[in-house]
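The structure under discussion appears below in the form of structure tokens.
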Amino acid sequence: MDLEKWTVLLRALDTGSLTAAAEALDYTPSGASRAVASLEEELGVPLLARLHRGVAPTRECQALLPIAREIVHLAGLLQQRSDELRGLVSGSLSVGTAYHHYYPWLSRMIAGFTRRYPGVTVNLLEGTSSELCQAVRERRADLCIASRREGPFCWTPIHEGPLVVLLPENHPLAEGDCVPINALRTEPFIELNPGLETDNSRFFAKYDLHPNTRFTTSDPMAVRSIVSAGLGISLINDLQAGTEKNGIRILPTDPEELISICLVTPLAPSPAARRFLDFAQAHLGELT
């Protein structure tokens, strides 16, 4: 197995682009394309579907991906451990957060860690909690900040808070201390990250709720703007809700739904990932 070719293929799938994979791995775009084409020729099956906006795995590629990811991961692990025997710390890490609130802290952790261990490169990921936990499961990520999800992960709790409802300050429900969840069935609703598994979608499934969705967005700040304009109500994590009111009332749901946010790592992290986790845990007191 040519690990370099598989590395190009996996990076292309993870970034959705051969060009992005080439930039990340110091290839030319044509060189990255040739590496994948050579791999397809060796295996005798197509691996990448070239789409208008990037690339996607073929059915044959999807069948091979779990094994390929495991082999590439083990090869990197072998290199890291052999470097350790020579007194070196090397490797590549992918870390991410589902919450913009933690970007400043995570950026400080990356900066401090790479100063201490310059032989380790760090790639920053973004996505929902479910997407990032799936990335950890598939060994595409080494550490993420995300809400708890089912799966073989190690969890380091860093925050527990409620899902909250954002309402215009002059809304009749804004006069109470909480919002009955049945109100989400009838009130005009602004949906965050539609079509994705999120804390909201899991909450809706738990209570068999079907919100009266009128607007959709992937930006929490847009949610606040739409609510403050009086166009509807929304549901959001307390960290994303913010503290500035600006015409908005923030109330918990009834019944209350608590969300546990954690550092998420694999059960068996690589040496570099273990060092990064230790470094991050030593600075948990800096989280706000």
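The values are calculated or read from the model by the stated rules, or taken from the named source; none is laboratory data. Being a predicted model, the structure only gives us computed values, none of them experimental. Every residue, glycine among them, receives a Cβ derived from its backbone with ideal geometry; neighbour counts consider all protein chains shown. Only protein heavy atoms, including side chains, enter the accessible area calculation; ligands, DNA and RNA are left aside. Shrake-Rupley method; radii C 1.70, N 1.55, O 1.52, S 1.80 Å.
Computed values, structure above
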| read-out | value |
| --- | --- |
| SER260/SER225 FRET efficiency (R0 35 Å; Cβ-Cβ; nearest 0.05) | 0.80 |
| Difference of contour (0.36 nm per residue) and Cα-Cα distance, ALA111 to GLU138 | 7.2 nm |
| Solvent-accessible heavy-atom area per residue, rounded to whole Å², over segment 1-75 at 1.4 Å | 58 |
| Helix axis angle, 3-15 relative to the chain longest principal axis, alpha carbon, degrees | 20 |
| Percentage relative contact order, the chain, counting C-alpha pairs under 8 Å, at least six apart | 20 |
| Part-to-part distance (alpha-carbon centres) for segment 32-67 and segment 78-139, which is given in Å | 26 |
| Of all accessible heavy-atom area on segment 71-112, the percent that carbon and sulfur account for (1.4 Å) | 64 |
| Given 11 as the ceiling on other Cβ atoms within 10 Å, longest exposed-site-free region of the chain for trypsin sites (Lys or Arg not before Pro) in DSSP loops | 87-244 |
| Pairwise centroid distance, computed over Cα atoms, of segment 152-177 with segment 224-288, Å | 10 |
| Cα gyration tensor shape for segment 61-153, rounded if a/c is under 1.5, else prolate or oblate | oblate |
| Cα gyration tensor, segment 1-54 - rounded (a/c under 1.5), prolate or oblate | oblate |
| Contour excess over end-to-end distance, with Cα ends at ASN212 and ASP83 and 0.36 nm allotted per residue | 40.8 nm |
| Dipole in debye (nearest 20) - segment 186-286, about Cα centre, beta carbon charges: Lys, Arg +1; Asp, Glu -1 | 200 |
| Among (1) 21.1; (2) 18.7; (3) 20.0, the entry that matches Kirkwood radius over Cα pairs in Å as calculated here | (1) |
| 222 nm mean residue ellipticity, helices alone, for the chain (DSSP H n ≥ 4; -39,500 (n - 2.57); rounded to 500) | -13000 deg cm²/dmol |
| Tensor-based shape of segment 223-288 (alpha-carbon gyration tensor, a/c under 1.5 rounded, otherwise prolate or oblate) | prolate |
| Total charge dipole magnitude, the chain, about the Cα centre, Cβ charges on Lys, Arg, Asp, Glu only, Debye to nearest 20 | 560 |
| Spin-label pair THR58/ASN170, simplified geometry with 7 Å Cα→Cβ offset, distance in nm | 6.1 |
